[in-house]
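The values are calculated or read from the model by the stated rules, or taken from the named source; none is laboratory data. The model shown is predicted, which means the values in this text are computed figures rather than measured ones. In this analysis, Cβ positions are derived from the backbone assuming ideal geometry, glycine residues included, and neighbour counts consider all displayed protein chains. The area values use the complete protein model at the heavy-atom level, side chains included, leaving out ligands, DNA and RNA. Shrake-Rupley method; radii C 1.70, N 1.55, O 1.52, S 1.80 Å.
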Amino acid sequence: MKLPPQILRLVLVAMAIVGSYLIARAVLTPPTFGEYGWYRGAALNLIASREPVFAGKQACDECHSDILHNLAKDAHKTLSCEGCHGVSREHSNNPDILPVKATGSHCIRCHEANLARPVWLKQIIVKDHYGPKCTECHLPHQPTKSP
Amino acid sequence: MNEVTNIVVEALPQVQGYVYPNEAGLHPVWSTLIVIYPYITGLVAGAFIMASLVRVFNVKALAPVYRLSMLTALAFLLCATLPLLCHLGHPERCYEIMMTPHMTSPMAIFGFVYAWYLMAVLLLELWFDFRQDFVKWSKTTPGFQGLIYRVLTLGVTDLSEKSVRLDMKMEWILSIVGIPSAFLLHGYVGFIFGSIKANPWWGNVLMPIMFILSAIVSGIALCVFNYIVLTWIRRKTVDMRCLDTMAMFLFYALLVDAVVETLDVLHRGFAAEEGFAVLQTMIREKLFYTLNIGQVLVGTLLPLLMLGLLQLLRRRVPEAARRTMIFCSGAMIMFGVLMMRWNVVMGGQFFSKSFRGVMSYKMEFAGQEGWLISVAILCLPPIILTVLVKLFLSESEHLKPSEHLPETGANS
């Protein structure tokens with residue numbers, strides 16, 4: 001059977017479109033795609049090769065073991081140093097670069113009263129509490145102790 | 001202390017009631033761009049369905065607007081993905097969704113629905129409809145424009161009766177394929193919202209249906225609007241039979257749409273599921289103007305009243321008044337449907353997942369998510385349409401009235 005001319009042209013155009021899609025797909029799909037799942041296999045190495053930014057508690061142990069010891073004794077034992085002091089990887093490699101100064105404002109990030117917080121977390125309403133400068137009465141590493 | 005206290009103090013006025021900490025500082029991530037995206041796709045689907053009335057259901061009176069509505073659908077479809085691309089932030093990666101599509105991702109499948117609708121339905125149907133004209137124009141038009149026509153013929157110059165009959169048949173088949181495709185295109189947008197189970201404002205099986213119905217309504221309104229504006233620009237008289245028929249379809253479509261949306265509200269009220277209280281606050285406070293005034297009053301009740309009145313009185317209303325009333329209803333409906341998209345998209349982001357608090361949102365002006373860029377995108381389809389109309393709807397051939405009305409004979 002012979003196709004009418006306009007249908008023939010359309011079939012050719014359609015084949016060209018589908019063909020260029022298939023070629024584009026072959027060229028543009030990343031080579032390691034689908035190796036393990038619906039992503040580039042090479043992405044794993046790429047992510048693994050990135051520098052970690054946090055140092056972790058153990059890294060501080062080398063020079064601040066006293067603080068680690070104190071921290072472990074009191075209510076803040078579950079917190080990580082860098083949760084309050086910020087990313088300190090550079091500092092732990094080179095103590096001359098100091099971490100960002102921790103101020104009292106760190107405290108209300110976690111302790112300001114909010115209904116959505118779990119009840120077991122001790123919360124205060126800052127303006128009704130004893131004073132705004134937390135470290136005057138609480139040792140940050142041993143919060144139930146006062147200086 | 002200062003820095004953090006400031007955040008606490010600043011965040012609070014934006015919220016009322018009980019919201020989760022991570023919701024307090026956040027403003028809606030889906031902003032005006034995501035509002036106009038379903039709006040534009042809806043206009044496409046609606047304009048196409050309006051055109052199908054001519055081909056599939058053989059509504060002769062609408063023949064003068066057939067091509068105009070098809071070109072309208074095309075102009076808007078070409079811009080339908082722009083809001084999404086702007087919203088994504090990495091538009092240059094958009095092809096990836098097509099290269100490695102995942103069958104469980106509605107967005108990936110949308111790429112194919114969109115491509116299918118654009119290439120296999122709209123462009124093909126337009127091509128078959130215009131083919132004979134392309135051949136004629138390519139012979140008579142000189143210069144660059146003539147070259148465009150020549151390219152568009154794809155080199156087929158056969159105008160025999162047999163091939164013209166084949167064109168007609170193909171158009172008919174394509175329209176029939178096109179109606180479900182148009183439903184799919186826009187039903188899918190409703191599907192994406194409707195399948196967000198955790199959000200009571202969105203997660204609703206009626207969502208795709210409401211999106212399709214409002215799409216049809218807005219599409220017909222757009223065609224009415226374009227038709228009147230085009231005849232006005234070209235200083236032609238409006239074919240009243242055609243306009244009245246459009247108004248009739250607009251009325252019935254709007255009626256069905258209004259009924260289904262009311263049904264949705266009634267059903268939500270009756271079922272009164274856990275999120276209902278917060279939805280009530282939304283309707284009473286947060287969305288008061290856009291929902292009650294914009295969508296319900298301006299976008300639905302007033303046009304229903306005007307169009308309904310026209311259905312009743314019909315010929316007793318003088319033509320000029322009829323034209324104005326239909327034009328105003330069309331414009332109001334288009335505005336109302338835009339408000340409906342706003343209510344759906346923003347509404348779902350105004351309340352906390354706790355169902356006990358609400359957030360507010362201040363529209364950005366410039367910037368990636370600002371409303372300036374949304375307005376710019378909304379201006380684009382009319383510009384494209386102007387070019388298309390200039391190229392493909394020549395003054396003499398198009399907008400010819402249906403034979404039945406002698407007084408508008410001056411048009412042709």
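Have a look at A:Phe54, A:Leu79, A:Asn94 and report the one farthest towards the positive end of the charge dipole of region A:48-96, computed about the Cα centre with Cβ charges (Lys/Arg +1, Asp/Glu -1).
A:Leu79
Quick one: net charge around B:Gln349, please, counting Lys, Arg +1 and Asp, Glu -1 for every other residue with C-beta under 12 Å from its C-beta.
Values: positive: B:Lys286, B:Lys353; negative: B:Glu23.
Within the 12 Å Cβ shell, the charges total +1.
Sequence-distant or interchain residues sharing an amide H contact under 5 Å with B:Val59, placed H: which?
Hits under the 5 Å cutoff: B:Val54.
Give the interface area between chains A and B as buried accessible surface, both sides summed, probe 1.4 Å, in Å² to the nearest 100.
Using a 1.4 Å probe, the pair buries roughly 2200 Å².
Treating only the Cβ of Lys, Arg, Asp and Glu as charged (+1, +1, -1, -1), what charge dipole size does region A:53-101 show about its Cα centre? Round to the nearest 20 debye. Spell out each step's value before the answer.
Details: 5 positive and 7 negative charges, 39 e Å.
The calculated dipole for region A:53-101 is roughly 180 debye.
If you filter region B:220-286 for trypsin sites (Lys or Arg not before Pro), then keep DSSP loop positions with at most 16 other Cβ within 10 Å, what is left?
B:Arg234, B:Arg235
Taking a probe of 1.4 Å, how large is the accessible area per residue of chain A, in Å²?
In whole numbers, chain A has 75 Å² accessible per residue.
Largest first and in whole Å, what are the equivalent-ellipsoid semi-axes of region A:5-48 based on the Cα gyration tensor, each being the root of 5 times an eigenvalue?
Working from the Cα gyration tensor, I get semi-axes of 37, 8, 5 Å.
With θ set to phi - 60° and the Karplus curve 6.51 cos²θ - 1.76 cosθ + 1.60, what are the ³J(HN,Hα) couplings of region B:198-203 in order, to the nearest whole Hz, using x for Gly and Pro?
Once θ is set to phi - 60°, the couplings for region B:198-203 become 6, 10, x, 6, 9, x Hz.
Apply the Karplus parameterisation 6.51 cos²θ - 1.76 cosθ + 1.60, with θ equal to phi minus 60°, to every residue of region B:165-170 and state each ³J(HN,Hα) to the nearest whole Hz, in sequence, with x for glycine and proline.
4, 4, 4, 4, 5, 4
Under a point-charge model restricted to the Cβ atoms of Lys and Arg (+1) and Asp and Glu (-1), what is the dipole moment magnitude of the protein assembly as shown relative to its Cα centre, in debye to the nearest 20?
1380
Where in region B:95-128 does accessible area fall by at least 40 Å² between the isolated chain and the complete protein assembly, at a 1.4 Å probe radius?
B:Met99, B:Thr100, B:His102
Name the residues whose placed amide hydrogens come within less than 5 Å of the amide hydrogen of B:Gly357, ignoring near sequence neighbours (fewer than 5 apart) on the same chain.
B:Tyr18, B:Ser352
Can you give me the long-range amide H partners of A:Asp74? Hydrogens built in the peptide plane at 1.01 Å from N, cutoff under 5 Å, separation of 5 or more residues or another chain.
none
Over region A:62-107, consider all pairs of different Cα atoms and compute the Kirkwood hydrodynamic radius from their mean reciprocal separation; express it in Å, one decimal.
11.6
Taking the inverse of the average 1/r across all pairs of different Cα atoms in the protein assembly as shown, what Kirkwood radius in Å do you get?
After inverting the mean inverse Cα-Cα distance, the result is 28.1 Å.
Placing one identical point scatterer on every Cα of region B:29-395 and ignoring solvent, what is log10 I(q)/I(0) from the Debye formula at q = 0.08 Å⁻¹?
Debye curve over Cα of region B:29-395, log10 I(q)/I(0) at q = 0.08 Å⁻¹: -0.43.
Do any residues of region B:158-176 lose at least 30 Å² of accessible area when the full set of protein chains is present rather than just their chain alone, and if so which, with a 1.4 Å probe?
Residues shielded by partner chains are B:Leu166.
Using the Karplus equation 6.51 cos²θ - 1.76 cosθ + 1.60 (θ = phi - 60°), what ³J(HN,Hα) coupling, rounded to whole Hz, does each residue of region B:368-382 give in order, writing x for Gly and Pro?
Listing the rounded values in order: 4, 9, x, 7, 4, 5, 5, 4, 4, 5, 5, 7, 5, x, x Hz.
In the full protein assembly as shown, how much of B:Tyr20 is accessible to a 1.4 Å probe, in Å² to the nearest 10?
80
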